[in-house]
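A.B. asks: Below you'll find the structure I mean.
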Amino acid sequence: QKEVEQNSGPLSVPEGAIASLNCTYSDRVSQSFFWYRQYSGKSPELIMSIYSNGDKEDGRFTAQLNKASQYVSLLIRDSQPSDSATYLCAAPIKAAGNKLTFGGGTRVLVKP
Amino acid sequence: SAVISQKPSRDICQRGTSLTIQCQVDSQVTMMFWYRQQPGQSLTLIATANQGSEATYESGFVIDKFPISRPNLTFSTLTVSNMSPEDSSIYLCSVEGQGITDTQYFGPGTRLTVL
């Protein structure tokens, strides 16, 4: 099992709907999680971090962490065409300093 | 977050040549990271570069192929040596967030095409 896994998508959602992205992780990662957004041809941009069980909201984004089930989610409310991008889940590898391991990314397509 | 720049932003190179990529940060950082993103793939860590010490390479990456310099706390270079078409990728540097554990911020990347 990879340290962090994501469904590659594409996840197609209509404009205005909620996009729900999931990421599962193994015991080999520390329990700090990061969501990055990457537009085509651009570098990853950090949009959310979560460290504790439960929900964390920032604007239209909500990150959810469930340590018992070892998954972390990202919800995008009122999805806009500008949200169309690849979303990467990342976490630090245990006992490896600040090294991050990334999931394969989920491609999101928001259709007007 | 720190402002990170990379040079060049893109390049097309011939097989067998080498390219050095520069990463400049507008503030002092202890750790800098170099990643590779192959077409359609996620990010893979190449090495971690700390100022004043040798870079630490991940499995599958060696110093002879990807030599790294870290002369000060705001600058690093990654060289891709003896290039082949398989080296065609986006190369990204990142730095740790200041005062924010584990967080990393990325530079704009260098898109390399090897013919």
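A.B. asks: Decide, for the stretch A:29-112, between rounded, prolate and oblate: order the square roots of the alpha carbon gyration tensor eigenvalues as a ≥ b ≥ c, take rounded if a/c falls under 1.5, and otherwise choose prolate if a/b is larger than b/c, else oblate. The partial results should precede the final answer.
C.D. replies: Numbers: a/c = 2.38, a/b = 1.42, b/c = 1.67.
Oblate shape, in that a/c is at least 1.5 and b/c is the bigger or equal ratio.
A.B. asks: For chains A and B, what's the summed buried accessible area, probe 1.4 Å, to the nearest 100 square angstrom?
C.D. replies: Numbers: alone 5990 and 6160 Å², together 10640 Å².
That pair hides around 1500 Å² of surface in total.
A.B. asks: Of all the accessible heavy-atom surface of chain A, with the other protein chains kept in place and a 1.4 Å probe, what percent is carbon and sulfur?
C.D. replies: Within chain A, the accessible surface is 46 percent carbon and sulfur.
A.B. asks: Same structure, new question: What pairs from A:Lys56/B:Lys7; A:Lys2/B:Lys65; A:Lys67/A:Lys111 go past 31 Å between their alpha carbons?
C.D. replies: A:Lys56/B:Lys7; A:Lys67/A:Lys111
A.B. asks: Calculate, in nm to one decimal, what B:Ile12 and B:Ser59 gain on full extension: separation in residues at 0.36 nm each, minus their alpha carbon distance.
C.D. replies: Working: separation 47, 0.36 × 47 = 16.92 nm, distance 2.67 nm.
In short, 14.3 nm is gained.
A.B. asks: Report, please, the projected area of chain B averaged over directions, based on the convex hull of its C-alpha atoms, in nm².
C.D. replies: Averaged projected area of chain B's Cα convex hull equals 6.7 nm².
A.B. asks: Another question about this same structure. Measure off, as a whole percent, the carbon and sulfur share of the 1.4 Å-probe accessible area of chain B, all protein chains present.
C.D. replies: 48
A.B. asks: Here's a follow-up. Using a Förster distance of 41 angstrom, determine the FRET efficiency expected from the C-beta separation of A:Ser8 and B:Asn72, and round it to 0.05.
C.D. replies: Calculated value: 0.55.
A.B. asks: Right, here's the next one. Taking a temperature of 25 °C and a viscosity of 0.890 mPa s, what whole-number D in µm²/s does Stokes-Einstein yield for the protein assembly as shown with Rh from Kirkwood over alpha carbon pairs?
C.D. replies: 135
A.B. asks: Hey, another quick one. Determine the per residue accessible area of the protein assembly as shown with all protein chains present and a 1.4 angstrom probe, expressed in square angstrom.
C.D. replies: With the other protein chains kept in place, the protein assembly as shown gives 47 Å² per residue.
A.B. asks: Averaged over its residues, how many other protein chain Cβ atoms are within 10 Å of peptide A:92-105's Cβ atoms? Walk me through the intermediate numbers first.
C.D. replies: On the way: counts 4, 1, 0, 0, 4, 6, 11, 8, 9, 4, 7, 2, 4, 5.
Going residue by residue through A:92-105 and averaging, the value is 5.
The values are calculated or read from the model by the stated rules, or taken from the named source; none is laboratory data. Keep in mind the model is a prediction, meaning the values are calculated, not measured. No Cβ is skipped: glycine too gets one built from the backbone with ideal geometry, and neighbour counts run over all protein chains shown. Keep in mind that these areas ignore ligands, DNA and RNA; they rest on the heavy atoms of the full protein, side chains included. Shrake-Rupley method; radii C 1.70, N 1.55, O 1.52, S 1.80 Å.
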